[in-house]
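Notes follow once the structure below has been shown.
The values are calculated or read from the model by the stated rules, or taken from the named source; none is laboratory data. Note that this is a predicted model, so its numbers are computed, not measured. No Cβ is skipped: glycine too gets one built from the backbone with ideal geometry, and neighbour counts run over all protein chains shown. Just the protein is used for accessible areas: all its heavy atoms, side chains included, with ligands, DNA and RNA removed. Shrake-Rupley method; radii C 1.70, N 1.55, O 1.52, S 1.80 Å.
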Amino acid sequence: MIGLVVNPVAGVGGPAGLAGSDGAEVQRLAVSRGAHSRAQERATVALQTLAARHPSLVIATAAGAMGADAVHAADLEARVVYVPRGGATPSESPSTGESASTGESAADRPASARSPVLVRFATSASDTSASDTSAAVAALAEAGATLILVAGGDGTLRDAAAGLAGLAYITQENPGRSVAGDAPQTGSPAGLLSCEQQPAVLGIPSGVKMYSPVFAVSPRAAGSLAADWVDGGLPVSEREVLDIDEAAMRRARVEPQLFGMLRVPFRMGRTQARKAATPASEAAAVAAAARGAVARMQPGVRYLLGPGGTTAEIARQLGIEKSPLGVDVIRDGRRLLSAASEEQLLAEIAKGPAQAVITVIGGQGFLLGRGNQQLSAAVIRALGDDPLLVVAPEQKVIDLHGRPLIVETGDPAVDARLAGHIRIITGASTTSLYAVAAPELVP
């Protein structure tokens with residue numbers, strides 16, 4: 001059985017230039033800047049890909065915005081096994097007319113009450129919380145899901161791991177107890193229990209930070225992997241769930257921590273690789289690549305300086321203070337905007353010639369779609385025929401071992417335009433021509 005959990009606020013902070021979406025205050029600020037989460041849309045794309053090969057599947061899920069809405073949008077049948085505690089409101093029950101607004105998981109109810117129930121809910125994003133994600137994943141595991149798709153970012157997958165860790169803890173220490181909401185604190189010893197008996201989990205990339213190697217490379221890739229799973233399974237490996245303290249990150253302290261392990265289905269090119277940090281020994285190479293980029297900057301052009309160590313070195317060489325993980329707008333050696341939102345970037349582009357300066361995420365190869373969602377499809381379109389100035393030390397490219405760079409903007413037309421080959425500035429006077437792939441274009 002395939003399961004689905006959606007974090008309905010995942011990724012809302014990306015277009016707003018907030019480097020993350022953790023916390024109600026950050027989410028409210030993101031919405032005030034015109035941002036919205038695309039988690040529902042991306043979960044639906046994954047399920048539509050799955051439905052194209054398995055149209056009669058029943059998807060076990062949570063109510064409303066936490067899963068059932070996306071299942072229905074993909075024309076699949078939903079079996080709701082968890083209702084968020086924040087107050088889902090059943091709006092329609094096409095098969096049974098039953099109300100399921102009980103605030104409990106299927107595991108909390110007697111076995112006689114756990115029969116498949118097809119319902120529609122009007123659960124708003126604000127009704128859900130991180131504990132709902134943990135409890136929903138635990139409920140899906142108890143319901144028998146062998147693969148659970150989770151739409152979100154690193155924080156959401158951290159909550160999913162906590163839910164399964166709680167299940168393992170309760171199974172070992174307190175057999176017979178209910179699971180939902182009882183997960184231990186993340187990072188505790190119980191959070192690192194063996195996950196051999198747990199269902200596999202695959203992230204549908206929908207967040208801002210997605211450093212953990214537990215995601216598919218795109219929503220369509222997630223759906224394709226789920227279809228392969230139904231056809232007979234895939235190799236599974238235990239992979240790390242990493243996350244960063246967003247408050248510390250906004251103060252330029254990037255310290256990823258391990259929050260658990262998940263069993264993740266793997267297929268080369270379809271499952272995201274581990275992010276690799278640039279070693280300190282590469283500092284000279286980073287500085288040389290940055291000099292090469294600075295030398296190519298033209299007077300009067302606005303440069304949208306993306307996040308990353310190499311772009312930070314560009315700012316340092318220009319004598320400009322760089323926001324830790326935001327997109328800054330610079331022109332003629334002067335910073336015009338810091339940590340700009342998508343809306344602000346579009347306004348700056350409208351004022352004159354502009355180009356985005358981005359680097360490669362080490363180990364993963366992403367150019368767009370991971371940590372720089374402010375550089376959205378709309379922004380890339382507005383930048384015109386030559387939207388990107390890509391800069392990275394040569395070793396970072398070599399370490400991809402021939403795997404292509406990846407663009408995943410959420411707009412297939414923009415991705416198709418960027419796919420092919422792109423020139424990378426690798427040194428003060430050197431460049432490399434390298435392949436770029438768009439996974440959303442692959443069936």
**Q.** Where ILE2, ILE398 fall by accessible area, highest first, once all protein chains stay in place (1.4 Å)
**A.** ILE398, ILE2
(Q) Which GluC sites (Glu not before Pro) in segment 264-347 sit in a loop by DSSP (not H, G, I, E or B) and have at most 12 other Cβ atoms within 10 Å of their own Cβ? (A) GLU321
Q. When the Cα centres of segment 409-443 and segment 381-406 are compared, how far apart do they sit, in Å?
A. 6
Q. When averaged across all projection directions, what area in nm² does the alpha-carbon convex hull of segment 280-359 cover?
A. 4.8
Q: For PHE259, PHE266, PHE215, give the ranking by accessible area with the largest first, probe 1.4 Å.
A: PHE266, PHE259, PHE215
Q: Please work out how much length the chain gains when fully extended from LEU433 to ALA347, using 0.36 nm per residue of separation minus the C-alpha to C-alpha distance, in nm with one decimal.
A: 27.8 nm
Q: Take the solvent-accessible surface of the protein heavy atoms, probe 1.4 Å, and return the percent of it on segment 332-409 that carbon and sulfur atoms account for.
A: 48
Q: Excluding SER212 itself, calculate the net charge of residues whose Cβ lies under 10 Å from the Cβ of SER212, where each Lys or Arg counts +1 and each Asp or Glu counts -1.
A: +2
(Q) I'd like the antiparallel share, as a percent to the nearest 5, of DSSP beta bridges with both residues in segment 301-443. (A) 50
